[in-house]
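Reviewing the structure listed below.
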Amino acid sequence: MKEKYKQQDVREALEQMYNGKCCYCENGIGAESYEHIEHLKPKALPKFHKLTYDWNNLHWCCQICNTSKGDQWDDNNPIVDPTIDDPQQLIEFDVVTGEVIARHPRGETTIKHACLNRKKLVESRNKVGEHVRELILQAKRTTSSSDKDFYKKMYN
Ligand SMILES: [Zn+2]
């Protein structure tokens, strides 16, 4: 079978492994986009043909990230592999702008290839950021003086 990697058991295992979220943008897949099986190392490149059915090369991805990345590959600074790498070491969130920032050239590749600063993602991150800021302000307003004394002792 030509596209054996698309079988239902493979799809279900990947969806479960990634908790239904895209391996790059971490958005839930299904409500607004179709799921794609991502070949981290692009199967279209001759040097990676043999990895077409390699479990370690298959990931759960949203349609937009998968389409953005396409067959791009950078040998010197490969895209983040969330099953091996700690993405927080390579990419960080800017809580002010909602954009992601590279902490390492591999993070830069990931941001560029998966288009992780696209408008909808930045807007979505900003909504979460606004909600978190509001919760912090609310907590500050409702924290009792004994709580404040406790926090001062803890953090001073
Ligand atoms: Zn995505």
message: Quick test of your reading of the structure: ARG106 fulfils all but one of (1) over 26 Å from LYS47 (Cα atoms); (2) open to solvent by less than 100 Å² (accessible area, probe 1.4 Å); (3) touching an Asp or Glu at 6+ places or on another chain (Cβ under 8 Å). Name the failing condition by number.
response: (1)
query: Which one of the conditions (1) open to solvent by 40 Å² or more (accessible area, probe 1.4 Å); (2) among the basic types (Lys, Arg); (3) out of contact with any Ser or Thr (no Cβ under 6 Å at 6 or more places or on another chain) does LYS69 fail to meet, given that it meets all the rest?
result: (1)
Failed item, numbered, when THR52 is tested on (1) open to solvent by 30 Å² or more (accessible area, probe 1.4 Å); (2) among the hydroxyl-bearing types (Ser, Thr, Tyr); (3) more than 17 Å from the chain's Cα centre (by Cα): (1)
- prompt: Just one of the numbered conditions (1) modelled with pLDDT of 95 or more; (2) more than 16 Å from the chain's Cα centre (by Cα) is not true of ALA31; which one?
  reply: (1)
statement: Here, helices (runs of 4 or more DSSP H) confined to the range 53-156 with at least 2 residues that are in contact with a strand residue (DSSP E or B) (Cβ under 6 Å, 6 or more places away or on another chain) are 63-69, 105-113
- request: Output the residue which, of all residues in the range 12-29 that are open to solvent by less than 50 Å² (accessible area, probe 1.4 Å) and farther than 15 Å from LEU116 by Cα, is farthest from the ligand (Cβ to nearest atom).
  value: ALA13
- request: For ASP85, indicate whether it is among the acidic types (Asp, Glu), in contact with a helix residue (DSSP H, G or I) (Cβ under 8 Å, 6 or more places away or on another chain) and open to solvent by less than 50 Å² (accessible area, probe 1.4 Å).
  value: yes
message: Looking at the range 72-79, can you tell me whether even one residue there is surrounded by fewer than 18 Cβ atoms within 10 Å (Cβ to Cβ), within 15 Å of the ligand (Cβ to nearest atom), within 22 Å of SER33 (Cα to Cα) and not β-branched (Val, Ile, Thr)?
response: yes
- line: Subset of the range 109-156, residues among the aromatic types (Phe, Trp, Tyr) and surrounded by 10 or more Cβ atoms within 10 Å (Cβ to Cβ), comes to PHE150, TYR151
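The values are calculated or read from the model by the stated rules, or taken from the named source; none is laboratory data. Just so it is clear, the structure is predicted and the values come from calculations on it, not from any experiment. Counting neighbours? That spans all protein chains shown, and the Cβs are built from the backbone with ideal geometry, glycine included. Surface areas here come from the heavy atoms of the whole protein model, side chains and all, with no ligands, DNA or RNA. Shrake-Rupley method; radii C 1.70, N 1.55, O 1.52, S 1.80 Å.
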